[in-house]
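First comes the structure, then the notes that go with it.
The numbers here are math on the coordinates, done by the rules we state, and not lab data. Nothing here was measured: the structure is a model prediction, and the numbers come from that model. Virtual Cβ from ideal backbone geometry, glycine too; neighbours counted across all protein chains shown.
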Amino acid sequence: MAARFPMAVVVTGSPLTVTIEGASAVVAAEDFVGGLTTDDRVQAAFLGDRLVVLARAGGDTPGATAVHNVQVDAAARSSGTTWTLGPTFTTITGLKVGSRLSVEYYVPARNSSTGWGGGFFELQVRFDGGTWKSLGSSGYSTVMASTSAAIGFYHNRFLIDPSLEGISAGFTAQFRLYFSSFDGTLNVNTLNNVGSTGAGAPALTGVNNTQNWTHIIVDEIVAGA
């Protein structure tokens, strides 16, 4: 069943009938992570072929988003065609056993090359201070245009299951970002007027107004009972 992320889910009846954004389907209870019961109203998302509960009306466990973490990197950075380490974000602590991580990141970029230019981005994670592992390269997806300079951004979202990496207890997670160009110089957080306030309204305070720069948002999704 095609579905967006997150999805509004209503559970009724026995066996459980699950209404997902207006389309009803009978789904066995064991197909869920998060302990759904009759009359639950939740938000959920697919993790493979299973539904993971993100938020439950009237409560915060299981399936609640327990940790909201926003980290911003506003440093002006640049890279040629060699992979360059960008920001290494602060370690996120106190994550619970069985939790999954919803990870979103955004990078404003410019490449003024009149060749292909291009920008490649690769987010990496490590658990409990261990080995860094890659979430994969963005590939040819940003500020890449033949014979033309380009300004743009890269944005992606991941749902990570740390148990697949052997995590079986409470854990920490840390993220870092590598980037490079296809040719020319890839500029991040600079030469694109990021963060200006030109429409007359005062800026919000602190991290509330800095998320036009490179940033990462990590939400912990607590495991079901």
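Shape class for the stretch 109-225: oblate, because the ratio a/c of the largest to smallest gyration tensor axis (alpha-carbon atoms, square roots of eigenvalues) is 1.5 or more and b/c is at least a/b. The peptide list 195-204, 156-165, put in order of mean Cβ contacts within 10 Å with the highest first, becomes 156-165, 195-204.
Label separation (residue 128 vs residue 70): 3.2 nm, computed from points 7 Å beyond Cα along the C-beta direction.
Here the peptides 98-107, 208-217 are ranked by packing, the mean other Cβ count within 10 Å, and the order with the highest first is 98-107, 208-217. Ordering of 71-84, 176-189 by packing is 176-189, 71-84, highest average first (other Cβ atoms within 10 Å, averaged per residue). Paramagnetic label reach from residue 193 (point 7 Å along Cα→Cβ; backbone nitrogen cut-off under 15 Å): within the stretch 126-153, residues 151-152. Sequence-distant contacts, meaning Cα pairs under 8 Å at least 6 residues apart, place the relative contact order of the stretch 89-225 at 41 percent.
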